[in-house]
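The values are calculated or read from the model by the stated rules, or taken from the named source; none is laboratory data. The model shown is predicted, which means the values in this text are computed figures rather than measured ones. Cβ placement follows ideal geometry from the backbone for every residue including glycine, while neighbour counts extend to all protein chains displayed. Protein only, heavy atoms only, side chains kept; ligands, DNA and RNA dropped before computing areas. Shrake-Rupley method; radii C 1.70, N 1.55, O 1.52, S 1.80 Å.
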Amino acid sequence: MASTATLRWLYESRVESAHPCLVIEDSEQAIALFEPSGALGAHTLRAKGGPRGRNLVAGDTTPGFAASGWFGDGVLRVHRQGQDWSVWRWPNVDGTWSKNWYVNLEEPWKRTAIGFDTEDWILDLIVLHDFAVVRKDEDEFEWAEQCGRFDAEHIARIRRAAADATTAVHARAWPFDADWSAWLPPVGAPLPTLLDGWDLPV
């Protein structure tokens, strides 16, 4: 049976969302976590703002969480320790992968007793089948800069991460050159659940 882990996105040292995942790989080379369709996670009830009302507002302390299932295709997230992003793909039922990749810019994952913690940086990249790179949510990122969610140093770091990830795409570097078949999720594995302590602040 595959082991499980809880992947948490944090903001202001508190949980923004928590995701139950199957551990596909956990090695010096890579961490690969699969969140299957139907897995039940949680999202904070804190106030949100921004162009589409999806980003947390600084300083809000509304308590509690809402259950949130991952539906549609399951998603595999691959991360190399120390990198400022993870790369996502979606496996098809026939054992092939989605033609596109999704690069989530974020804090390097920090190992915890129940899995891994990170912080989302809002700006993301979509990598098309021909390896063209499209930036996603630039308006939300601009809003985050204007409202002070990220200071100037952090903004510069995020922009460097986007540039570095784009360079990796164009060079067909890891994990874009990896054998993704090694990360196909196990067939028939039970749905993972959130592990105890998922809602505790950092």
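Each residue in segment 9-50 was checked for being under 18 Å from ALA113 (Cβ atoms) and open to solvent by 20 Å² or more (accessible area, probe 1.4 Å), and 5 pass.
Return yes or no: is ALA168 surrounded by fewer than 18 Cβ atoms within 10 Å (Cβ to Cβ) and among the hydrophobic types (A, V, I, L, M, F, W, C)?
So ALA168 does not fit the description; no.
Listed by position, the strands (runs of 3 or more DSSP E) enclosed by segment 1-57 that each have at least 1 residues that are in contact (Cβ under 8 Å) with a residue 60 or more places away in the chain and more than 23 Å from VAL93 (Cα to Cα) are 4-11, 14-26, 39-44.
Which residues, counting only those in segment 67-123, are within 23 Å of THR166 (Cα to Cα), polar (S, T, N, Q) and open to solvent by 40 Å² or more (accessible area, probe 1.4 Å)? Hits for segment 67-123 are GLN81, GLN83, ASN100. Of all residues in segment 124-147, those satisfying the criterion of being in a loop (DSSP other than H, G, I, E, B) and open to solvent by 50 Å² or more (accessible area, probe 1.4 Å) are LEU128, HIS129, ASP130, CYS147.
Taking the stated definitions as given, is TRP88 within 10 Å of the chain's Cα centre (by Cα) and free of Cβ contacts under 8 Å to residues at least 24 places away in the same chain? Judged against the criteria, TRP88 is a match.
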